[in-house]
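The block underneath contains the structure these notes are about, expressed in structure tokens.
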Amino acid sequence: AMGYFNGKFIHSSDLVLPIEERGHQFGDGVYEFIRVYKGRPFMMNQHMERFFKSADAIRLNIGKTAEDIIAIVEDLIERSGETNCDVYMQATRGIAPRNHLFPNVEASISMTVKPFKLISDDIRAVGATVKLLPDERWQHCWIKSLNLLPNILAKQEAFEAGALEAVLVRDGFITEGSSSNFFIVKNGEILTAPATTHILHGITRMAVKEIALDLGINLKEQKFTPHELLAADEAFLSSTGLEILPVTKVDGQKIGNGRPGMVTVTLYEEFLKRV
Ligand code: PLP
């Protein structure tokens with residue numbers, strides 16, 4: 001796959017990082033993950049807005065404008081020759097001798113472009129299984145930080161239990177997935193955790209809100225418990241990679257009739273028209 005690091009276009013497997021790079025040593029940076037459909041990045045402006053918000057939140061000066069970043073992304077996509085692909089980008093506090101204090105250097109910017117793989121039709125048809133796990137993350141989950149250890153550990157634990165995603169529970173309420181937002185449907189109404197500091201404000205979540213509004217489906221940003229999930233008619237996940245994915249099993253228990261629900265399927269059909 002193609003990559004980019006600090007002004008150079010490279011192969012994504014090239015060795016380019018000095019050992020003393022703060023993303024590498026501290027996870028001192030932020031990132032975005034953007035899907036490109038038929039050559040067009042989906043909701044690029046929203047991704048850029050979140051990227052800069054995350055950077056501001058950790059007092060990182062990216063040193064480029066959103067327009068600069070978009071120009072690099074477009075260049076990279078063109079060089080890659082891909083049309084249906086994922087762009088990963090990160091900005092870190094740069095290259096400097098290891099020291100916790102902020103260095104006085106420019107941010108590092110890196111990117112990769114890879115063809116994307118859609119979730120298999122089989123999983124989509126049957127619906128995903130998820131595992132409930134404690135949300136052990138910090139208080140600033142709205143920042144798309146490189147520090148993903150709690151997310152990684154939760155996802156791995158879910159995977160080893162035969163689930164596709166870990167759904168996290170903080171103080172008795174469901175927050176989100178380890179790398180996705182989470183929704184339930186009850187009596188035709190969609191519920192998802194409010195966009196507080198305890199969840200990532202997903203771009204696909206934003207798309208779900210827009211679609212629900214356009215289709216006249218009520219969507220409430222309201223917290224709910226694992227108990228409410230188990231009593232729901234439907235459940236689904238949203239993320240750039242999973243798009244809108246039905247969830248039909250939680251910790252071995254069926255949701256609703258155990259098949260992808262009508263509201264979820266309708267939202268996904270509308271989503272596909274927009275990408
Ligand atoms: N929540 C978390 C913790 C994530 O890591 C992600 C995406 O990677 C999401 C939600 C979904 O966000 P988006 O729809 O912007 O991909």
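General remarks:
- Here I174 qualifies as outside any loop (DSSP other than H, G, I, E, B), surrounded by 21 or more Cβ atoms within 10 Å (Cβ to Cβ) and either under 18 Å from the mean Cα position of the chain (by Cα) or not assigned by TED's automatic domain parsing to the domain that holds T266 (or both).
- Any hit, segment 182-191, residues being under 16 Å from the mean Cα position of the chain (by Cα) and within 16 Å of the ligand (Cβ to nearest atom): yes
- Residue within segment 166-179 that is on the phi > 0 side of the Ramachandran plot and more than 14 Å from the ligand (Cβ to nearest atom) present: yes
- Residue count for segment 191-218 under the criterion of being buried (at least 22 other Cβ atoms within 10 Å of the Cβ), β-branched (V, I, T) and either touching a His at 6+ places or on another chain (Cβ under 7 Å) or not in a helix (DSSP H, G or I) (or both): the result is 3.
- Residue-level analysis places E221 outside the set of residues that are of a type in the set (D, E), buried (at least 21 other Cβ atoms within 10 Å of the Cβ), assigned by TED's automatic domain parsing to the domain that holds E269 and within 15 Å of the ligand (Cβ to nearest atom).
- Of the criteria (1) basic (K, R); (2) surrounded by 15 or more Cβ atoms within 10 Å (Cβ to Cβ); (3) not in a strand (DSSP E or B), which one K273 fails: (2)
The values are calculated or read from the model by the stated rules, or taken from the named source; none is laboratory data. Everything numeric in this text was worked out from a predicted model, so none of it was measured. All Cβ positions, glycine included, derive from the backbone under ideal geometry; neighbour counts span all protein chains shown.
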